[in-house]
Every structure is written in C-alpha cells, then in structure tokens.
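The values are calculated or read from the model by the stated rules, or taken from the named source; none is laboratory data. The shown structure was predicted, so the numbers you read here are calculated from the model rather than taken from an experiment. Using ideal geometry, Cβ is built from the backbone for each residue, glycine included, and neighbour counts are taken over all protein chains shown. Ligands, DNA and RNA are stripped out before the accessible areas are found, and what is left, the full protein with its side chains, is counted by its heavy atoms. Shrake-Rupley method; radii C 1.70, N 1.55, O 1.52, S 1.80 Å.
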Amino acid sequence: MSVTALRDAQDVIIGYLLIGTDNTARQQAEETLLKAGALQSAIFNSANFSSIATDAKGVIQIFNVGAERMLGYTAAEVMNKITPADISDPQELIARAKALSVELGTSITPGFEALVFKASRGIEDIYELTYIRKDGSRFPAVVSVTALRDAKDDIIGYLLIGTELKAGALQSAIFNSANFSSIATDAKGVIQIFNVGAERMLGYAAADVMNKITPADISDPQELIARAKALSVELATPITPGFEALVFKASRGIEDIYELTYIRKDGSRFPAVVSVTALRDAQGVIIGYLLIGTDNTARKLVEEEQTKSDQRLRDQQFYTRSLIESNTDAIMTTDPSGIITDVNKQMEALTGCTRDELIGAPFKGYFTDPERAEAAIKRVLSEKSVTDYELTARARDGKQTVVSYNATTFYDRNRTLQGVFAAARDVTERKRVEAELQQAKAAAESASRTKSDFLASMSHEIRTPMNAIMGISDLLAKTSLTPEQDKYVQIFRRAGDNLLNLINDILDLSKVEASQLELERTGFSLNDLLEKVTEMVAARAHEKGLAMVYEIAPSVPNDLVGDPTRLRQVLLNLLGNAIKFTQSGEVTLRVAPDANPSVPTALRFTVSDTGIGIPREKLGQVFERFTQADSSTTRRFGGSGLGLTISKRLVELMGGRVWVESEVGKGSVFAFVVPFEIWATLNRPTTAPVGTGPEPALRALRILLAEDSPDNCIITVAYLEDTPYRVEIAETGAIACKMFEAGYYDLVLMTGKCRSWMA
C-alpha cells in the first residue's frame, strides 16, 4: 500500500492517495536489496539528502554529508552541541507549535518538541520548514521525522531526513506518482521493482515482469540496436544491443537521460523519457539500476503542435513580409516618437538607403520639410489615421519625389500602442496627369464657352434673316392670293415658324450651358399665364381632335413671384410634346400644391396624355440633348429633341425638379415642381380698367429705326404702313447716334449689332 498526501498550492492537505498492489513479489525483491543495504546507504550517504540523527533530547548525534552540503556546517561543529531547532526558522517553530497544540489538543513547546512531537506519538510526520545555513542564508526543505526506538520500544532518538523543497518534492512525486514508471533491476538487468506508474503505463502487473525480464524486453529492439551503435562510436567501445545499451553510461557514472519507445503488453507503443541511475553498495559496487520513465506522448504531441505552430507562424511572417515587399508603395513602421522600426524595398528605393540604415533613424529626416513630416506622425497618433497627406521625399542623391502619405496606428494584442504604420505612394506621375487633365479641362471649358458663344452669335445671325422671311410671309399672306398661292404661303409660314423655334431652342440651350441665362423675378397672375398657354396650344389640339383638359386645385395661389416667361416656355414645350405624340384621347394640364411640406409654396405642374408612350429603358434618356425615345419618332413627328432638355435646365434653374412616368401605348405623364413666392397685395401695381370706353386714337410718333438689313427695314415700314407713325432709317449705329442728337424721336428701334456699333 502506497499512501501519499495530496496538498494544494499552500501545502494544505486536501486528500490522500492510496495505491495498493499485490506486493508479494516486489517485497521479496526489495528485501534482497535492503539486505545489501543499498537503498539505506544511497539515502544516508547521498549528498542530495540531509540525514540528521539526535538523541532523545534532540542533541545532534549524526550529521551526514548531505546535511553538511546543504547547511554549510561540518559534523564536528554541530554533533553533541545543538539540536535541529537551532538551525530552523524560530518563527516557523512558534507557528508550528501553536498549530499542533490546536490540532492535537495539547500544549506543545516551540523548539525541538514542535519538530518531533507527532513522531514521538507514532504519527507519520512529513512537513516543510526553513533551514538556516551557517552563513545565515535560508532555504525551504521537506523533512521526514522518524522516532528511533530500542528493543523495548522506548524512544532513544530521532532521525530527520530532509531535502531541499524543490528537489525533494520532485523525487517524491516521481517515485510515488502513477504518472512515472519506476523500474529497479539487479546488476544483470532483471527487474526487481515495478511501481504502479510502470504498471499503468506498460499494462503489465508487477508479478508479470519481476525476476523475469529486463527493461530491454519492453523496449523497441531497433532503437536498442541504433543506441548501441551510437554509444559504441561515442564512447569508443563495443556495446551490445539490449540492456547494456540502456545502462552503459550510468554504469560508467555518466548521467544518462534519453528517449526510447516502450512496448506495452498489448503491443501498442508510446514514447518515453528515461532517467537511469546505478545503484551501488557501500563499497561502490553496482548492485542494480533504477530507470525512471515518463510517458512522452503528450510532450511529443505538444512538440509536434509547437513545430506546426512555429511553421505556421513562419509561413504567416513570410506571407506578411511578401505582402509588404510586393507592395508598390514605400511602407514603413515607426515607434510613437517617429523612429523608423521597419521598411520595405520600396522605401529603400525611395530614400536611396539600406534597411539597416533606415531602421533606428528619424522618419522626418527623409523629407524636404521635416517639420511637416513630424506633424504627420503627431496627427496620426492623435487622429488614429491620416490619408492623402502630401510630402516630398528626398533621397540620398538629392532626388525629390512627391508622395501621398497614408498612415494608421497599430497595437499589440493587449491594445498597447506600438507605433505608426505608413505607406508613401509616389504621386509624381499622378500630379503630372492631374496637371494635364486640369489643362485639358480648362481647354475644354474654353472650347465649350467658345462653342456656346458661337452658337449664340450664329443663332442671332440666323434669326435676323429668319425674321425677314417670317415678316415677308406674313405680309404676303395679307395680299390677294390664289388658293394655290395661299397654300404655298401657309407651308412657307409653318416651316419658317418651326425653323425659328429651333433657332430659339439652340439659343436658349447655348445660354444655359454658358451660364448666361438669367431668370426674371416679377409678379404675375398664374391664371392669366395658364389661359394664354392653353389658348396657344388649343388650336393644334383641336386640329387633331384631342380634348384639352385644364385643372387648377382650389388651394393654388394665383398671384406669384417668379419668371413667367420661362414657366410659359416649359409648359408650352411639355404641352406641345404631348399633343405631338398623341393621336387620340386627351391632353391634361393640372396644377396643385406640392406634397413636400418643407417648401409650402412649391407648385406641381403635371402634363399627361394618352399618346404613344415611352419604353421603360428609354425613360432615362428623354431629357438628354438631341435625343428622342425612338429615332423613328423624329421621322414621324419631327423635332430636334431639345425641348425637354431646355425644359429640364429651366426647371432646375428655377430651383425645381422634373420627372417622367410612361407606359408604351398608354401615354406619358411629365411633371415638375417649382417653388414660387406669393405676390403680396400691397406690392401689386394698380391697373386701369380696360374696355370701359372708346379706344383713343393713336398719336403720331416719330420713330428712329437703326437697322443694317434692308429686308428688315422694308418689312418694318410695311408693318407700320397703315399707322400714323413716321419712320426714319439709319443704316448704322453711328448714323443713328448723329440723327438722334440732331432731332427728337419718340421711339428708337435698334438691332443688337447696331447697339454694339454704338458701344
């Protein structure tokens, strides 16, 4: 039976371990060894154990070599002079006496009595205490106390066997623990002791192996052969494979701990670490060997896992380093003070310095503006990250490179700041491209302005002869014409009207794109504007047999402030399109307050029709320039595709938005929302009533017409032929100025070109 006290970290007993086996065979073997005195001699004479024997009063009588080594006294200095209490911590003796007095219910005197009281009562006693060496230093020890008795069982003294705590605990644990195999053999290697640990590990009962086999019989034979060969070379002497290979070094007094594979009773194998010690008698003759082994499976697994983990770590480090090195940016890390701790190859290339030269150097020293570079580090530390911070790097050879500095802080697993991780990207090429793009953009904007100015100028130049054409066609229509001539003139007038509308659209678009179109801000009557708009499109709707519906919600205010001209232009465009693309049904104009409460004075205008509709995939294109949903509609219905584009631009200039919903074959709904101001009553001008009496006769006016186009002069004079007005013509602005200075005129009519001449 083996009894071991189980203790916690404070050495308090928390239980006991009792291991029992059939001990008949083992006892026989142990008796053989004990008779030879090998174990007692090994313990008593060992330098690893202090063996102190006292008389009944506690005076030291025996002080072995181990005690001399541990305590620094010679035997002569202590024998017959002091007790073990004199070399023990006095405070611990007091504490032990108190504890034992409570435990055993009797008063115990501090001193030697406290050390041996349990043993004197036949109680097994193993405890820890602090020994004091001759030089005053201290060390913890585990002490086992045994009462020495004579033949009459009277106590004649005490034996205190102590070990330094660490070593003693370890040896005790090894020999008594089931986690260690302790195998003792005789001089020939035949097993004499086979502890419980060996039984558990190897699957044999002690009786199965004792006095029958050697440890070589439960070891891997190939390993024994390999070990014998290796030792033969190492020690330059032939060594036989087998038990000799296991104990040869120990037999020569050489410390020996090695790994080997044990074979269990069931044939399975496990790795073990074995420590071999030669057992000797009093004359130093080897009488056996002690082999203490531990199952090395767990350690092997741990080592394998550690190896794998180390390899994974190396792979990860290699992968991370590869990522850093393969990056096209110059990458570096610094500590919080701005000292470089690592760099990649790109950083070496950027600075012209080696990695060893860069590491440990200040980050700011490699830029043309060190203060700005240092500020970058401080900014990262305060804001945690920085992006697109521009710096100019300076290489050793003086080459300067503009870089975009991007950085962030980085931390260890405990969230402790380690420093700054930064990437510097060469943006020299990007800066060059940006400059070129800026120049190209400026050139494009200039070209666009030139184009817009050209379109505006050309539209004006085209409008002048068009006005002449339209004027002549109107005058011609008033003359006596044959039916055929009248038909031609009407075609002539319609074509001219369409062409003039196109010119007006181009002029408006060019003004919008050149940001030259200014909105008017004036008071107007919404009802009057909508009536005029519907009157202008009603005739075309009537010609196609379409119903024209016009609805205004009761809550819509009538008196508004805004640009009535541009509002009318947008409505005419949308209504004109609706009539153009509707063959039957109706066209509806509705006006209502917008549903968005954030702009309470915004009005929503909705123009819906029952026309051809627009495919869903084309809805996003209807507001683009020169675009119609289907190119065939241009051939069928005509138009430039500018009307919706201009309408969208005008609505947006007025602070609104426009959108469309449509379904092929069922019609379209165009809607826009524009904010207006309410025209306050107090600010409105008063108007005289119209039509309440006979119209007064026209007063004769003297008119000065400054016009360089003879055709326009003829048309103007023709229009005023039946009026009392007297028209005088100036061909240039300069002539007009002289005529105006020389005489009085009620009215001056002047073209834009003449105005420019005057300027």
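Which peptide among 430-439, 529-538, 589-598 comes first, and what is the full order, when sorted by highest mean count of other Cβ atoms within 10 Å?
529-538, 589-598, 430-439
For segment 349-455, what does the convex hull of the Cα positions come to per residue, in cubic angstrom?
Enclosed volume per residue, from the Cα hull, is 144 Å³.
Please report the projected area of segment 249-312's Cα convex hull averaged over all directions, in nm².
Result: 6.0 nm².
Let me check against my output: what whole-number percent is the relative contact order of segment 377-431, with C-alpha pairs under 8 Å and at least 6 apart?
31
Quick check on packing: order 357-369, 718-730 by the mean number of other C-beta atoms within 10 Å, highest mean leading.
Output ranking for 357-369, 718-730: 357-369, 718-730.
What's the extension gain from I714 to T464 if we count 0.36 nm per residue and subtract their Cα-Cα distance?
Extra length from I714 to T464 when fully extended: 88.7 nm.
Debye calculation, C-alpha points only, no solvent: report log10 I(q)/I(0) for segment 345-396 at q = 0.14, 0.18, 0.27, 0.28 Å⁻¹, in the same order as the q values.
-0.38, -0.62, -1.10, -1.13
Taking segment 306-408 on its own, what percent of its Cα-Cα pair distances exceed 17 Å?
56
Using every pair of alpha-carbon atoms in segment 73-165, split the distances into 10 Å bins beginning at 0 and state the percent of pairs per bin, rounded to integers.
Per 10 Å bin, starting at zero, the Cα-Cα P(r) for segment 73-165 comes out as 15, 47, 31, 6, 0 percent.
Let me test this: with uniform point scatterers at the alpha carbons of segment 545-590, what is the Debye-based log₁₀ I(q)/I(0) at q = 0.23, 0.25 1/Å?
These q points yield log10 I(q)/I(0) values of -0.92, -0.99.
In angstroms, what radius of gyration and Dmax does segment 245-377 have, counting Cα atoms only?
Just the Cα atoms of segment 245-377 yield Rg and Dmax of 29.0, 85 Å.
Which value results when the Cα radius of gyration for segment 45-94 is divided by 2.2 N^0.38 Å?
1.10
For segment 532-631, what is the per residue volume of the convex hull drawn over the alpha-carbon atoms, in cubic angstrom?
139
Could you name the lysines in cross-link range of K431, using Cα to Cα under 28 Å and dropping any fewer than eight places away on the same chain?
K345, K364, K378, K384, K399, K441
Choose one of P271, L224, Q306: the residue whose Cα lies farthest towards the positive end of the charge dipole of segment 205-306 (beta-carbon charges +1 Lys, Arg; -1 Asp, Glu; about the Cα centre).
Working it through, the farthest residue towards the positive pole turns out to be L224.
Please state the relative contact order of segment 78-118 as a whole percent: Cα pairs under 8 Å, 6+ residues apart?
Taking the mean separation of contacting Cα pairs over the length of segment 78-118, I get 38 percent.
Quick one: Karplus J couplings for segment 253-270, per residue in order, coefficients 6.51, -1.76, 1.60, θ = phi - 60°, nearest Hz, x for Gly and Pro?
x, 9, 4, 9, 10, 9, 9, 8, 9, 8, 10, 6, 4, 7, x, 6, 10, 8
Using r as the Cβ-Cβ distance of R149 and E223, and R0 as 51 Å, what FRET efficiency do you calculate, to the nearest 0.05?
0.55
Give me Rg over Rh for segment 178-254, both radii from the alpha carbons and Rh done the Kirkwood way, two decimal places.
When Rh is taken as the Kirkwood radius, the ratio is 1.01.
How much accessible area per residue does segment 213-264 have, counting only protein heavy atoms and a probe of 1.4 Å, in square angstrom?
50
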